[in-house]
1. With a 10 Å radius around each residue's Cβ, average the other Cβ atoms per peptide and rank 296-304, 267-275, highest first.
2. For region 122-163, what is the Kirkwood hydrodynamic radius in Å, using each pair of distinct C-alpha atoms?
3. Using the Kirkwood formula on the Cα atoms of region 290-341, what hydrodynamic radius do you get, in angstrom to one decimal?
4. Quote the convex hull volume per residue of region 340-425, based on C-alpha atoms, as a whole number of Å³.
5. Give me, ordered by chain and number, the residues 5 or more places off residue 318 or on other chains with an amide H under 5 Å from its own placed amide H.
6. In whole Hz, what ³J(HN,Hα) sequence does region 404-413 give by Karplus (6.51, -1.76, 1.60; θ = phi - 60°), x for Gly and Pro?
7. What FRET efficiency, computed as 1/(1 + (r/R0)^6) with R0 = 60 Å and r the Cβ-Cβ distance, is obtained for residue 419 and residue 251, rounded to the nearest 0.05?
8. Between residue 337 and residue 63, what length comes free when the chain is fully extended (0.36 nm per residue of separation minus the Cα-Cα distance, one decimal in nm)?
Amino acid sequence: MRDGAGVSTRVRRAYEQFLAGVSPADDSVRSLVRESWERSRSRGVDPGEVEPGHDAGAPMSGDAFDAYRSSHRLAAVRPLVQSLMLDDIADSGVVVALTDNQGRLLWVEGDHGARDAAARINFVEGSVWSEDTVGTNAPGLALTMNRGVQIIGPEHFSGPVQNWNCAAAPVHDPVSGELLGVVDVTGGPAAAAPFALAAVRSVVAAVERELQSRAVDLAAPETFVRPDTRPRLTVLTDGPAHWHDAAGAARTLSPRHAEILLLLQSYPEGLGTEQLATMLSDEVLGAVTVRAEISRLRRDLGDVIAARPYRLTVDAGSDVDELRGLIAAGDLTAAVRALGRGGLLAESLAPGVVELFDEVREDLRSRMFGTGDLVALNAWVASPHGRDDITAWNALAQRLPAGHPQRAVAQGRVRLLDRRFGVRR
């Protein structure tokens, strides 16, 4: 599990104390989980209610439900979610779900074994998994908080669900800002991994771009305006990074503040003081220094960062998320262009940001090599990041047809890099 066995045991003990009416220690469970438990209890949710055969929420008749979901806005992007996620989760013991904005499961997809297992906790199409209905769970909490969340095992409010893990993120109409529903991954260890929430957020970014594209096709060019509906962090552009608030106003960020916001946006479950310090510097960075930087950020941007652990209080987007979405959607040439020279992502020496850049770069390269996208490969080797990438040049040399002028260039560059680095990668 993501938090480790010791933390899982501590959370389970805190849950038992909570149900017994004893307030658990502040550091025994994440604040967003404890607050959700409190809301669940205050609304009369029974922690033992979700069991096989029990309806979670008001049921719909088969015909009414089919008509409802087929007309839902997310029906149009369901094939995109399937293509981006289902192939990658085959045999991994998880299911992918799309919900409406009330937490009703519109589609639950995955292999038969995973769906059958999910059905035993009534995680089935048509059931409602809002926080009001079944207590703390990722789809319900993502809707309540309007941000991506990951819930691990005993963090669930319902006892029968505590052997499961889930990660979910909300989907918004890119024109109106309306909350449409969530994309969720629910299952075993794969849904507890740190990358599960990042994958869901990338798919949501691709889904919202697809919805935006459809809106552009339907709207007259002179009347279509895309309002800014969420705060957004931009770090990939040349020059300083910026924080754009919900009204669209931009504030220039120092490199250190941009690094902090990027790390917190990339780890929505939160980071402890020591974790954040380690991600910001190879040298010893004291807790006092981290707290001072957070204090300055709050002074500059308002109350956008909570503590214990440090985390964003708003559902913020970023151009790095959008880049990941392009990669996930297979729009690789656009991804190379979006990466550009990399901005802060490429320039930062903060270990945590370096890791993020390595992940994005490798995701992009792996998709290019896997698909054999020659246009994207050409764009990649022409970029600062791919200029000395002998693997990419070699792929071009092998895949371009005989007689193509760029093939000879690629072969020559392979020989040059082979001599320069002394080993063919």
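The values are calculated or read from the model by the stated rules, or taken from the named source; none is laboratory data. Keep in mind the model is a prediction, meaning the values are calculated, not measured. Methodologically, a virtual Cβ is constructed for each residue, glycine included, from the backbone with ideal geometry; neighbour enumeration extends over all protein chains shown. Surface accessibility is based on the protein's heavy atoms, side chains included, excluding ligands, DNA and RNA. Shrake-Rupley method; radii C 1.70, N 1.55, O 1.52, S 1.80 Å.
1. Working: 296-304: 14.0, 267-275: 18.2.
Listed from highest to lowest mean packing, they are 267-275, 296-304.
2. On the way: mean 1/r = 0.0960 Å⁻¹.
Mean inverse Cα-Cα distance, inverted, gives 10.4 Å.
3. 13.1 Å
4. Numbers: hull volume 8.2 nm³, N = 86.
Value for region 340-425: 95 Å³ per residue.
5. Under 5 Å from the amide H of residue 318 lie the amide H atoms of 233, each far enough along the sequence or on another chain.
6. 5, x, 6, 5, 5, 4, 5, 4, x, 5
7. Numbers: r = 48 Å, r/R0 = 0.80.
Given R0 = 60 Å and the Cβ-Cβ separation, E is 0.80.
8. Result for the pair: 94.1 nm of gain on full extension.
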